[in-house]
Amino acid sequence: MDYDFKIRTANERAKVEDLFDYEGCKVGRGTYGHVYKARRKDGSDTKDYALKQIEGTGLSMSACREIALLRELRHVNVITLIRVFLSHNDRKVWLLFDYAEHDLWHIIKFHRAAKANKKPVMVPKGMVKSLLYQILDGIHYLHSNWVLHRDLKPANILVMGEGPERGRVKIADMGFARLFNAPLKPLADLDPVVVTFWYRAPELLLGARHYTKAIDIWAIGCIFAELLTSEPIFHCRQEDIKTSNPYHHDQLDRIFNVMGFPLEKDWEDIKKMPEHPTLQKDFKRSNYSSCSLIKYMDRHKIKPDSKAFHLLQKLLLMDPNKRITSEVAMQDPYFQEDPLPTNDVFAGCAIPYPKREFLTDDDQDDKSDKNNTRTNQTNNGGQGAQQGGGGQSDQGNNHSHGGPNAAKRVRLSGPPGHPPAGQQNNIQQPQQQDFHHPHQQNMMFQSGNQQQQNPTFQQRFQ
Amino acid sequence: MAGNFWQSSHYQQWVLDKQDLVRERQYDLGILSDEEYQKIFIFFSNLIQTLGEQLKLRQQVIATATVYFKRFYARNSLKCIDPLLLAPTCVFLASKVEEFGVISNSRLISICQTVVKNKFSYAYSQEFPYRSTHILECEFYLLENLDCCLIVYQPYRPLLQLLADIGHEDQLLALAWRVVNDSLRTDVCLLYPPYQIAIGCLQIACVVLQKDLKAWFAELNVDIEKIQEIVRYVCSLFELWKTYDEKKDIQALLNKMPKPKTQPSR
């Protein structure tokens, strides 16, 4: 390599640390790397940015895919990659995005906590509808460009805070996204288990070898249900996420417990699924004879004759061939019924959710820390929350948290030299709510939810 | 992104102007003639092709690697990075982007060593001099110079669509496909959108096979001028090949080629 060429390019190369302030402003971490809330040093704008430092050094395949795809994608509901920084000295890769203050993982967590404390959260009536509409819009764009997301879950659905894009959904974490119109290798060969189990379509759990648009749609259905009820609809205890076997008995059991066992006429091709023999061996239809989505949602006060329920049912069809497409879903009567979806999902109302917390430094690299803090953190958001410290904490092996991890979190004001962050939202962030603890599960059936009479606001967010 | 070529970085940033290309190559073309310059690029396209085949990569990946290679030198002199280092780096990067999977560094290096020794000994008397650290370092420079534009549209898919429209023509497809492969040894991938290249290559294949599809071509809504330019580029490559013996000439050309200086110039 030519010396003069190296010097010339080094002089031209912008360094992330020269352009941005981000020290002490970490807002997320996981297997994907670290995310910082950043501001421009030169003050040419005062916007917040998200700087993602990709885990490890050099260009991993998923970093490559993320850069390659995000470089091409442009849609209001898909996160925009603004810039890539390559740090030649330490071989780190940094991605610059617009900063999204919220995500559905935090939003739902907030609602759960509020519900448990019987304190209403005031949100606009059409918020869930607006969220769903924008998720569908973004996914429709990806799908029509032959990109599958493959890892849709609440933590990957970001929502913009105050600013010009207030209340706009941004689909993020495309690290696992891939082109699917002409895969050079069967998709299942590359990384066997990627999608979080709770949001995994039944055909994946039964060993489907190819990812499809329908798999993303199932995940959107799960997210929709979770928005309506504040509970992960297919919540399931998970011991071993790293298994290369797609078949997951407990997760299927959970799905059947909610949906009922699929009838042959409803899903004819189920017989062709690789794990169908195992299914027949392990499951008895009669165990689920009293289960149905109608009953499940009705327990959560979602009426079976509502338009929301009808759409949910089409998103959560067991047979992937019958599942609705994003395009058709966007035309659903649900979106034509009052209240209409809004571009600002908060519809101009005050945003009740707290801003992202900064994670302290001893949270991260304290390798001498021999207690389970470290494990906790690796798992926390390990599936790749693009921004924010969230992620499904339950996806790892830890089921007891709210302990060391929460204790180490502090609320700070904005980045150095910026106005304090949390002025308008004094609501205390619920401390690492134990989202998935078994006994918590009962709460959802008991918590009576008093519908707010106010036409604009209501307690729950349907 | 298989979706929309017209909104792609390929279309927006990497369909270059002939004049730009000439200007960017000014330094190299002060040392090499046009033809010598092209011969050097033919040689390295062949090297990339051979590396790709040894690594059992699909043609799509090989084509993408070749386009990376050509894009880098469309913006930089040959002296900036030794093409013998950049070629495997392009293969390495393309295989990740095209989802072939990560090629292990040691495998890449050992294949480079074998290929240079067994297939290109007429060009290199010494063994392949680079190690994986060089490739990894080079990869960052490559990505930077590509401006992170990694998704490359190739003429193969439009070609298949055209053939589907014409009807069942296996022989025509096979030949046109090979002409598209050959076109990677010209500048057309830097100058024209892939669907135009596909049409140009198809036209050449028709002429070779004496298939009269004039009426069908006339129906296509394309800039005939551009197609003819592409045809001329590819035909002049075929002309060059008639008289050119790479085995005999390449060593002298590689010696003449501008080379990196590892020390600062005065």
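Residues in the stretch A:114-133 include none that are touching a residue at least 40 places away in the same chain (Cβ under 8 Å), touching a Lys or Arg at 6+ places or on another chain (Cβ under 8 Å) and of a type in the set (Phe, Trp, Tyr).
Within the stretch B:1-14, is there a residue that is under 21 Å from B:Tyr192 (Cβ atoms) and away from chain A (no Cβ under 14 Å)? No. Kindly establish whether A:Ala68 is more than 14 Å from chain B (Cβ to nearest Cβ), surrounded by 18 or more Cβ atoms within 10 Å (Cβ to Cβ) and not charged (D, E, K, R). So A:Ala68 fails the test. Residue count for the stretch A:1-29 satisfying the condition of being crowded, with 18+ Cβ neighbours inside 10 Å, within 9 Å of chain B (Cβ to nearest Cβ) and within 37 Å of the chain's Cα centre (by Cα): 0. Counting the residues of the stretch A:271-294 that are closer than 20 Å to A:Trp218 by Cβ and either of a type in the set (D, E, K, R) or not assigned by the TED database to the domain that holds A:Ile217 (or both) gives 3.
Residue pairs whose Cβ atoms lie under 7 Å apart, sitting 6 or more positions apart in sequence or on different chains, and linking a residue in the stretch A:93-110 that is over 18 Å from A:Arg40 (Cα atoms) to a partner that is hydroxyl-bearing (Ser, Thr, Tyr), are A:His102/A:Tyr353; A:His106/A:Tyr353; A:Ile107/A:Tyr353; A:Ile108/A:Ser230; A:Phe110/A:Tyr353.
Total residues in the stretch A:38-65 satisfying the condition of being open to solvent by less than 10 Å² (accessible area, probe 1.4 Å) and away from chain B (no Cβ under 14 Å): the figure is 5. Look at (1) under 30 Å from A:Val147 (Cβ atoms); (2) over 15 Å from the mean Cα position of the chain (by Cα); (3) within 11 Å of chain A (Cβ to nearest Cβ) and you find that B:Gln60 fails only one, number (2). Determine which single condition B:Thr66 fails, assuming it passes every other condition in (1) within 17 Å of B:Pro260 (Cα to Cα); (2) away from chain A (no Cβ under 12 Å). Of the numbered conditions (1) within 17 Å of B:Pro260 (Cα to Cα); (2) away from chain A (no Cβ under 12 Å), the odd one out for B:Thr66 is (1).
Of the helices (runs of 4 or more DSSP H) lying entirely inside the stretch B:126-197, those containing at least 1 residues that are more than 23 Å from B:His10 (Cα to Cα) and within 14 Å of chain A (Cβ to nearest Cβ) are B:132-145. Filter the stretch A:180-212 for residues that are buried (at least 21 other Cβ atoms within 10 Å of the Cβ) and either part of a loop (DSSP other than H, G, I, E, B) or within 13 Å of chain B (Cβ to nearest Cβ) (or both); which is modelled with the highest pLDDT? The qualifying residue modelled with the highest pLDDT is A:Ala201.
How about the stretch B:191-208: which of its residues are aliphatic (A, V, I, L, M) and open to solvent by less than 50 Å² (accessible area, probe 1.4 Å)?
B:Leu191, B:Ile197, B:Ala198, B:Ile199, B:Leu202, B:Ile204, B:Ala205
Among the residues of the stretch A:93-107, is any open to solvent by less than 10 Å² (accessible area, probe 1.4 Å) and of a type in the set (Ser, Thr, Tyr)? No, that holds for no residue.
If you take the residues in the stretch B:15-57 that are open to solvent by less than 40 Å² (accessible area, probe 1.4 Å) and within 14 Å of chain A (Cβ to nearest Cβ), which one is nearest to the chain's Cα centre (by Cα)?
Of the stretch B:15-57, the ones open to solvent by less than 40 Å² (accessible area, probe 1.4 Å) are B:16, B:21, B:25, B:28, B:32, B:37, B:39-52, B:55, B:57.
Going one step further and asking which of them are within 14 Å of chain A (Cβ to nearest Cβ), we end up with B:28, B:52, B:55, B:57.
Numbers: B:Asp28: 18, B:Gly52: 12, B:Leu55: 17, B:Leu57: 15 Å.
Ranking the qualifying residues of the stretch B:15-57, first place goes to B:Gly52.
For the stretch B:132-151, a residue qualifies if it is surrounded by fewer than 17 Cβ atoms within 10 Å (Cβ to Cβ) and under 16 Å from B:Val91 (Cβ atoms), and the qualifying residues are B:Ser132, B:Leu136. Residues of the stretch B:94-116 being open to solvent by 10 Å² or more (accessible area, probe 1.4 Å), among the hydrophobic types (A, V, I, L, M, F, W, C) and outside any loop (DSSP other than H, G, I, E, B), which ones? Of everything in the stretch B:94-116, those that are open to solvent by 10 Å² or more (accessible area, probe 1.4 Å), among the hydrophobic types (A, V, I, L, M, F, W, C) and outside any loop (DSSP other than H, G, I, E, B) turn out to be B:Val97, B:Ile109, B:Ile111.
The values are calculated or read from the model by the stated rules, or taken from the named source; none is laboratory data. Remember, predicted model here, so these are calculated numbers, not experimental data. When we count neighbours, we look across all protein chains shown, and the Cβ atoms used for this are built from the backbone with ideal geometry, even at glycine. Side chains included, ligands, DNA and RNA excluded: accessible areas come from the protein's heavy atoms. Shrake-Rupley method; radii C 1.70, N 1.55, O 1.52, S 1.80 Å.
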